[in-house]
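See structure below.
The values are calculated or read from the model by the stated rules, or taken from the named source; none is laboratory data. Note that this is a predicted model, so its numbers are computed, not measured. Counting neighbours? That spans all protein chains shown, and the Cβs are built from the backbone with ideal geometry, glycine included. The accessibility values were calculated without ligands, DNA or RNA, using every heavy atom of the protein model including side chains. Shrake-Rupley method; radii C 1.70, N 1.55, O 1.52, S 1.80 Å.
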Amino acid sequence: MSTTHQAESAVTSPPTPGPQETDGRTAERPLAIRLLARPEIGVFLGAAAVFVFFLITAPPVRDGGSMANILYSSSTIGIMALPVALLMIGGEFDLSAGVAVITSALTASMLSYQLTMNVWVGVIVALLVSLGIGFLNGWMVVKTGLPSFLVTLGSFLILQGVNLAVTKLVTGNVATDDISTMDGFSQAKKVFASSFQIGDVQVKITIVWWLVFAAIATWVLLRTKYGNWIFAVGGNKDSARAVGVPVAFTKISLFMLVGFGAWFIGMHQLFSFNTVQSGEGVGQELIYIAAAVIGGCLLTGGSGSAIGPLFGAFMFGMVQQGIVYAGWNPDWFKAFLGVMLLGATLINLWVGRAATRR
C-alpha cells in the first residue's frame, strides 16, 4: 500500500522548479548584446566621442554657425556615402565614384555653356551620363564576373583622363567657364546649392537632402523587397539566385544608384562654385568607402545599414572642421581619418564577435 502511494505521488507531483537548460537558438540574448549586433551602434558611439572631444578642445564648435559648417561638410560626403554603402552591402564597391562626380559636373557645365542652352538641359544630360556610367560598371561586373575592384579601377582611370582631356579640348583650359549668368542657373542653384536661415544660422540645403536620402535608404533596406535583395546578393549571390532574387538587376541598379549620387554631388559643386576644375575628385572615392566602412558596412558584403554611414560621414565632417576650429595643423586630417578607419574596423570586428558569442 505504501509502495503504491509513493508511485502515484511520483507520477502526479509537478516537477521541482529549477534552472532549465536551453540551447543557444532559443535563449534570448541580453539587450546589450542585441544592441551590439546593430551595425550602426559602434559608429554612433564613436561619433558621439569625437563630437564631445571637439566640444572640449575646440570651443568655436559650440557656435551654431560652426555646427552648420560641420553638418554641411558631412552632408557632401554623406550623400555619396549612402549609395556607396548600399553597393557595399550588395557585395561590391566603386572606385570611380570620386571622379564620376566631376564627370557629371563637367558634362552639365560644358554642354550648357558651349551650346548656349538652358542649364537644366545640361543637368538632365549629366544625369543620363552618370546613370550610364553606373550601368556600364554594373553590367561589366555582372557579365564578366570580374571583381568590381578591377572594373571600377578601369573606370576611374578612364574618367580621370577623359575629364582632363575633353575639358582642355573644349574650353582650352583645365576648368570650365562660369555659367552663373545662364538661363535656369538660379532655379538649379535653389535645388542643389541654396541656403536658408534658422535663427541666425545659415543652413545649406544639402543637409536636408542628406537626411532625406538617409531616411529613404533606411526604409528601402528595412521595409522593401528590394532591400532584402540587396542583403541577399551581398551575402551569397548564388543562394540568392537560387531562391529567385534578380541578382543582375540588383547589382546593376546599385551601381546606377552610385551614379545618381555622383550626379547630385556634381550638380551641387557646379552650382556652388559656378565652374568645375577637371582634375578634382581623385581620392574622394576612398573617403566615401571609408565613411561606409566606419558606418559598419563590411567589404565582404551582406551586412550594414544606411544610418551607420550617416554617422560615419558626420565623423569625417566633425574631424575635418574640428581640426580647423581647434587651430591645429590641417595636414593631420588624413592621419586622423586613417586612425578612425582602423579603429572602426577593429570595433566592428569586436562587435561582430560579441554579438555572435553565446
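Taken one residue at a time, the phi angles of the stretch 116-121 give Karplus couplings (6.51, -1.76, 1.60, θ = phi - 60°) of 6, 10, 4, 4, 5, 5 Hz. Gly and Pro are set to x. For the chain, the Cβ-based charge dipole about the Cα centre amounts to some 480 debye (Lys, Arg positive; Asp, Glu negative; other atoms uncharged).
Seen from Trp209, the other residues with C-beta closer than 15 Å to its C-beta sum to a net charge of +3, counting Lys and Arg as +1 and Asp and Glu as -1. Could you tell me whether the stretch 59-212 comes out rounded, prolate or oblate from its Cα gyration tensor? Rule is a ≥ b ≥ c as square roots of the eigenvalues, rounded for a/c under 1.5, then prolate if a/b exceeds b/c, otherwise oblate. Here the stretch 59-212 falls in the oblate category.
Between the helical axis of 284-294 and the longest alpha-carbon principal axis of the chain there is an angle of about 20 degrees. Here the contact order of the chain, divided by its residue count and restricted to Cα pairs under 8 Å and six or more residues apart, works out to 35 percent.
Mean residue ellipticity at 222 nm from the helices of the chain, using -39,500 (n - 2.57) per DSSP H segment of n ≥ 4 over the full residue count, to the nearest 500 deg cm²/dmol? Could you put the intermediate results ahead of the total?
Working: 15 runs with 253 residues, N = 358.
Only helices count here, giving -23500 deg cm²/dmol.
What angle do you read, to the nearest 10 degrees and between 0 and 90, between the alpha-carbon axis of helix 97-114 and the longest principal axis of the chain? With rounding to tens, the tilt is 30 degrees.
To put it simply, the accessible area of the stretch 56-114 at a 1.4 Å probe is 60 percent carbon and sulfur. Which label marks the calculated value of Cα extents along the principal axes in Å, given the options (i) 58, 44, 37; (ii) 112, 53, 34; (iii) 104, 46, 41? Here Cα extents along the principal axes in Å agrees with entry (ii). Heavy-atom surface analysis with a 1.4 Å probe gives the stretch 202-358 a carbon and sulfur content of 67 percent of its accessible area.
State, as an integer percentage, the relative contact order of the stretch 109-207 based on alpha-carbon contacts under 8 Å between residues 6 or more apart. Intermediate values should be presented prior to the final figure.
Values: 71 pairs, mean separation 29.2, N = 99.
In percent, rounded to a whole number, it is 30.
Accessible surface calculations at 1.4 Å, restricted to protein heavy atoms, place the chain at 50 Å² per residue. Working note: Karplus 6.51/-1.76/1.60 with θ = phi - 60° gives the stretch 242-257 the couplings 5, 9, x, 6, x, 4, 4, 4, 4, 5, 5, 5, 5, 5, 5, 5 Hz, where Gly and Pro are set to x. Label-to-label distance, Leu164 versus Lys143, with points set 7 angstrom from Cα along the beta-carbon direction: 2.9 nm. For Val162, the solvent-accessible surface computed with a 1.4 Å probe is close to 70 Å², ligands and nucleic acids excluded.
For the stretch 167-262, lysine pairs separated by 8 or more sequence positions, or belonging to different chains, with Cα-Cα distances below 23 Å total 5.
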